[in-house]
Amino acid sequence: MDAISINNVTKSFKIFAERTATLKDRIINRRKNKYQKFTALENISLTIQQGQTVGFLGRNGSGKSTLLKLLTGILYPDSGEIEVKGKVSSLLELGAGFHPDFTGKENIFMNAAILGLTKKEIKKKLNEIISFSELKEYIDNPVRNYSSGMYMRLAFSVAIMVEPDVLLIDEVLAVGDAAFQQKCMDQLLKMKAKGTTIVFVSHDLGAMEKLCDRVVWISKGIVRSDGEPKKVIDQYLAHLANEENKRLIDESLVNSRINEQVNESVENEETTRSIDNKDPGRWGNQYVQIDNVYFTDYNHQSKFSFLADEQMIIKIRYKGNKEVENPIFGIAIHTIDHIHCYGTNTFIDYFKINRIKEQEEGTINFKIPTLNLCSGTYLVTAAVHDEHGNQFDFHDKKFSFMITSLTKDVGIVKVPHTWEQNV
Ligand SMILES: Nc1ncnc2c1ncn2[C@@H]1O[C@H](COP(=O)(O)OP(=O)(O)O)[C@@H](O)[C@H]1O
Ligand SMILES: [Mg+2]
C-alpha cells in the first residue's frame, strides 16, 4: 500500500523584484508588483510504500524542503496531487511550530495537540518526551533561551513520541551533538522496524545509507535518480566530484601547469645543473624534464576528485632534452600536512625503461586499481632520475587530488577489512 503518493506536482514561488527605495517610489509603483516566477519543483511524481524509509538527497536549493512542506500541507502545489495516508509527524525547519515565549513543556502540549493527541494522551507521554529530550532541567524555561541543539532535541522528541504513521525529517538532526544524533538514529531504526514510513533528508550520506531502503536524488526541482541507496549516493557523489572537477579545470588547476618551464638548453651545463632558484620545490639537471603531472580515471578522463574506492592513473608527461639510459621515474603521495603516505619508483617495481632519446616525448602511467585513501586532499611528488640518484627533474609535492568518501572512517589509508565476533 502506498503511504505517500505524489503525482505530477509542480511548485513555484514568486520572487519579487527588489523593493523600491523611497516611499514615493513605493506609492507610485504600488500596483506594479513585479515578480519573477521560480519553479522549485517541476512535475515530480513519486510513490512511497507504507513502511518504506526513503532518503532525499540533493544540493542546497534543489527543492527537498519544499517537497517536505508540500507533504505536510504547509505549502500547496501549483498543480498535481499529493496524498499522504495516516498520522503525519514532521521535523522541518528548526523551531517551526514552537512559540518562543512558551516553556518547553507548554510547547510539547501545543505541538502534540497539533499532531492530533488529546490532552490525556499527551500527559501520559509527557515524561517519556522530556526524558528522551534530556531537557529536564530546562523544560520550564521559555524555549527562546534554548540553543539550536536543544530546540532540535525537543522537536525530535515530540515528533517521534506521538507515534506517527509517516515521519518527515528535514536536515535538522545535524545540529545535535554526536551522542544525541546516535540516539536519534537508533530511534529511527526502531520506528522503521515497527513499520513507520520515514522520509529523511540529510547530508550525512553514511547515515542515509544505513537507514534508508531507497534514496531519491533531487536536482534543481526534478528527480534525477531514484533507487538503491548505495547506487544513488554513488551517482550523487560522482556528480559532485565531477562538478568540482569542472570548476577546477576551469581554474586550470587540474592540468597543474608547471609555471616556469625551464627553457635553457642542456648545452649550458652551468645553468641547467643548478637548482632552479625561482622554485624551491623543483630541482634537477633537466636531461629529462617532467612537463606535467595530472590525474585521470581508467578512461583517461582528467579528474581532480576521486571516490575512496575509485581507480586512478597518475600521468607523468616527460620530454627528453638529452639522451639518457635507464631513467627511473618515481612518485610519492603525501597528506596535506606533509605526512608521507606512499612512495615508489620504476626501479623498485622492476619496471625497466631502457632509454629516453633527445626530443622524445611520452607519458608514464602510474595505475592504481583502488585508491583506498580516506577523504582529504593529497599532494603528489613526481621525479625522474638516473640509477645513481642524480636528479633529472624533481617536483616536490607540486600536484594535488582530492578524495571524497561515503564512510566516516578516519585516518589516511583505508585498510581493507571485515569485522567478526567470536564468543
Ligand atoms: N518561500 C519561498 N519563496 C521563494 N523561494 C523559495 C521559497 N522557499 C524555497 N524557495 C526556493 O526554492 C528552491 C528550493 O528550496 P528548498 O526546497 O529549501 O531547497 P533544499 O531544501 O533542497 O535546500 C530554492 O531556490 C529556494 O530559494
Ligand atoms: Mg532544505
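The values are calculated or read from the model by the stated rules, or taken from the named source; none is laboratory data. The shown structure was predicted, so the numbers you read here are calculated from the model rather than taken from an experiment. For neighbour counting, all protein chains shown are included, and Cβ atoms are generated from backbone atoms with ideal geometry for every residue, glycine included. Each accessible area value is taken on the protein alone, full model and side chains, heavy atoms only, with ligands, DNA and RNA left out. Shrake-Rupley method; radii C 1.70, N 1.55, O 1.52, S 1.80 Å.
The tail of the calculated P(r) for the stretch 2-228, taken as Cα-Cα distances beyond 28 Å, holds 37 percent of the pairs.
Assigning unit charges at the beta carbon (Lys, Arg +1; Asp, Glu -1) and nothing else, what dipole magnitude in debye, to the nearest 20, does the chain show about its Cα centre?
2540
Per residue, the convex hull spanned by the Cα atoms of the chain measures out at 247 cubic angstrom.
Does the stretch 299-423 come out rounded, prolate or oblate by the C-alpha gyration tensor, with a ≥ b ≥ c the root eigenvalues, rounded set by a/c under 1.5 and, if not, prolate when a/b is larger than b/c and oblate if not? Cα axes put the stretch 299-423 in the prolate bin. Taking the charge dipole of the chain about its Cα centre, with +1 at Lys and Arg Cβ atoms and -1 at Asp and Glu Cβ atoms, the residue from Tyr298, Met191, Phe394 reaching farthest to the positive side is Met191. What a 1.4 Å probe finds exposed on the chain is 50% carbon and sulfur by accessible area, rounded to a whole percent. For the chain, the longest principal axis of the C-alpha atoms and the axis of helix 229-250 are separated by about 50°.
Our summary gives the stretch 2-228 a relative contact order of 29 percent, counting only alpha carbon pairs under 8 angstrom and 6 or more residues apart. Each part reduced to its alpha carbon centroid, the stretch 289-337 and the stretch 368-423 end up 13 Å apart.
Protein heavy-atom accessible surface, 1.4 Å probe, per residue over the stretch 304-362: 54 Å².
Computed from Cα atoms, the angle from the helix 178-194 axis to the main principal axis of the chain rounds to 60 degrees. Whole angstrom only: what separates the Cα centroid of the stretch 32-84 from the Cα centroid of the stretch 161-225? With the stretch 32-84 and the stretch 161-225 each reduced to a Cα centre, they are spaced 17 Å. Annotation for the stretch 95-164: GluC sites (Glu not before Pro) lying in DSSP loop with at most 15 further Cβ atoms inside 10 Å of their Cβ are Glu134.
Only helical runs count toward this figure. For the chain, summing -39,500 (n - 2.57) over DSSP H runs of n ≥ 4 and dividing by all residues gives -7500 deg cm²/dmol at 222 nm.
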